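The block underneath contains the structure these notes are about, expressed in structure tokens.
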Amino acid sequence: MTETITGGCLCGQVRFTIAARPKLQLACHCGNCRKQSGAAFSISALVPKEDFKITGQTKTYLDKGDSGNDLPRVFCPNCGSPLYSEVAVRPDAIALKAGTLDNPDWFKPRVNLWTDSALPWVAIDPDCKNFPQNAG
Ligand SMILES: [Zn+2]
Ligand SMILES: [Zn+2]
């Protein structure tokens, strides 16, 4: 069954579609994701670029990953919703902020990154693949 997944920013200026349900679903507890998302942690799905179509105007904040790699974070310049990040180790894919999905019901993190930085009240699911910092 093919399913087109849709999403967009809070104001609706940016819209996107994903051709297939992304397999890799993760939560990142690093301090930068916390700042950018304004939440305890950010949730992302790794989407192959060929599956991802986006319309509307975006702006990019060039962050640096812990590895020193550029980490462009793309957001809506009108409402500020974080949309996705480019991933240096996966140039064929983007890390889509899963909270921007119109229907995120299917999304569930299977991986936690930077659990060392997780806020003390955040329960890390032991059934996930968990990494104290970045995935090795
Ligand atoms: Zn917007
Ligand atoms: Zn992060």
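The values are calculated or read from the model by the stated rules, or taken from the named source; none is laboratory data. Small disclaimer: the values here were computed from a predicted structure and weren't measured. Every residue, glycine as well, gets a Cβ built from its backbone with ideal geometry; the counts of neighbours run over all protein chains shown. Protein only, heavy atoms only, side chains kept; ligands, DNA and RNA dropped before computing areas. Shrake-Rupley method; radii C 1.70, N 1.55, O 1.52, S 1.80 Å.
How many Å² of accessible area per residue for the chain, probe 1.4 Å?
Ligands and nucleic acids excluded, the figure is 58 Å² per residue.
Choose one answer from Cys76, Cys30, Cys11: the residue with the largest mean-square fluctuation in a GNM of the chain with alpha-carbon springs under 10 Å.
So, out of Cys76, Cys30, Cys11, the one fluctuating most is Cys11.
What ranking of Thr17, Thr100 comes out by heavy-atom accessible area, probe 1.4 Å, highest first? Provide the component values of the computation, followed by the final result.
Details: Thr17 50, Thr100 15 Å².
Descending accessible area places them as Thr17, Thr100.
Roll a 1.4 angstrom probe over the protein heavy atoms and tell me the percent of accessible area of the chain that is carbon or sulfur.
53 percent
What number of lysine-lysine pairs in the chain show an alpha-carbon separation below 22 angstrom, given a sequence spacing of 8 or more or placement on distinct chains?
Within the chain, the lysine pair count is 19.
Note the direction-averaged projected area, equal to a quarter of the hull surface, for the Cα convex hull of the chain, in nm².
It is 8.3 nm².
Run the dipole for the chain about the Cα centre, Lys and Arg Cβ at +1, Asp and Glu Cβ at -1, nothing else charged, and hand back the magnitude in debye, nearest 20.
I would put it at about 180 debye.
Let me have the 222 nm mean residue ellipticity of the chain computed from DSSP H runs of 4+ only, each contributing -39500 (n - 2.57), with the sum over all residues rounded to the nearest 500.
That comes out to -1500 deg cm²/dmol.
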